[in-house]
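Here's the structure, in structure tokens; my notes come after.
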Amino acid sequence: MLRKSLVLALLLALGLLLVPRLFKRYPAQAMVNAPVMEMRSPVEAIVLEVTAFASGQFEAAPRNVVTLKTRLADDLAALREQERMLSTRANNFVKDEKKRLQIELLVREGELKRVALELASEERELGRQTSLLERGFISTAQLDATRIRSESAQVQRDIAKANIARAQANLSAMTNNGFLGERAGGADVSYTQQKLDEIRLRISQLEFWTGSMKVGPASETLPRATVRTPGMGMLLGPFVTAGAFLAPGDLIAHYVMCEQSFVDLRVPVTDLKDYQIGESVSFRVAGEWDFYKGQISQIHPVHLVHQTNTLAVKSDDKDMTGLARVWVRPEAAFAKRINREPNCMMGQQVHAQLPHGANWLQRSTSFLADVF
């Protein structure tokens, strides 16, 4: 009897080794994983209430996590006052700059008139000197000196016209577009305008959080707000208690996006040539024989730390040198099972059938050792 059992076990092991080879597949260990969203406080607040919850249970609809007492209204009022002051300063600066450019344009126009008078005078003098030269009263050298002064006056007139054109362009840009021209050193806005844009961006962010957090009535000095889960996942936490003070960005809870779960497996980098995005992969849960299918959704040739920081199940301390990560998006039937089972099956081991690589025999043997 013992001999028959050994023979059957040997044949079974041989079959598990040969079948994957014939179908160009080899078994590999994998696990169920999912991305994690960090729920953080958007504003400065005090925790009023923490909602009771069942840890590790899948939820299909959004719900409240914590209730906060925020200073959102005060922050918005302060920012709007800063916006008003900066707007006044920016408008006054634009008005002063516009007046300066108008005065500069008047000065340039005055210079043009002066140069035009000098040019007319030099041209009359050139005509008189030419008449005297023709009658023999002066020499050619005296006429050349007069001609040089006339040409110099023409150059001064051209420069004055260019200065007027530049002043007019700056004034038009200021009037039409608010452009500060040469005064801003080549920039199209002043420091005041840049600061005003930053304030307005912050106001829009706070108004967004006001709407998303469902702040209480505006009559409340310190309005209440609730932080809600997105739904279709599993809440881990919260990590705060009632009465705690939260600064902007403080962690409240983690939320596992169970609806985005995938089969996470590691393969040698040398075998990446055998994998393609969209390729079908078969896998089964450890201890079961029913196979599920999925498609390769992502391939990470190099293992990076930031790829594991936002996942429900972190990588172990094993040497990752030479290994790549392949993420398989499961079919709808397995996705529904993930949502039904506790903890969304995070970390549950599965056995996948992958395209064979160069060391398929060694990995198949290792797989059998783990199974038996």
Can you work out which of the residues in segment 184-202 that are charged (D, E, K, R) and at pLDDT below 80 is most open to solvent (accessible area, probe 1.4 Å)? 188
Inter-residue pairs, beta-carbon under 9 Å, first free of Cβ contacts under 8 Å to residues at least 60 places away in the same chain and in segment 278-300, second open to solvent by 80 Å² or more (accessible area, probe 1.4 Å) and outside any strand (DSSP E or B), 6+ apart: 295/277; 296/276; 296/277; 297/277; 298/277; 299/276; 299/277
Which one of the conditions (1) free of Cβ contacts under 8 Å to residues at least 24 places away in the same chain; (2) part of a helix (DSSP H, G or I) does residue 122 fail to meet, given that it meets all the rest? (1)
Yes or no: segment 269-288 includes at least one residue that is open to solvent by 10 Å² or more (accessible area, probe 1.4 Å), under 21 Å from residue 38 (Cα atoms), within 32 Å of the chain's Cα centre (by Cα) and acidic (Asp, Glu). no
Anything in segment 329-353 that is among the polar types (S, T, N, Q) and either closer than 20 Å to residue 277 by Cβ or part of a helix (DSSP H, G or I) (or both)? List them, or say none. 339, 343, 353
Answer yes or no as to whether residue 106 is under 30 Å from residue 193 (Cα atoms) and hydrophobic (A, V, I, L, M, F, W, C). yes
Within segment 134-164, the count of residues that are open to solvent by less than 50 Å² (accessible area, probe 1.4 Å) and either under 30 Å from residue 102 (Cβ atoms) or not hydroxyl-bearing (Ser, Thr, Tyr) (or both) comes to 7
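The values are calculated or read from the model by the stated rules, or taken from the named source; none is laboratory data. Model, not experiment: these values are computed from the prediction. Counting neighbours? That spans all protein chains shown, and the Cβs are built from the backbone with ideal geometry, glycine included. Remember, those area values only see protein heavy atoms, side chains included, never the ligands or the DNA or RNA. Shrake-Rupley method; radii C 1.70, N 1.55, O 1.52, S 1.80 Å.
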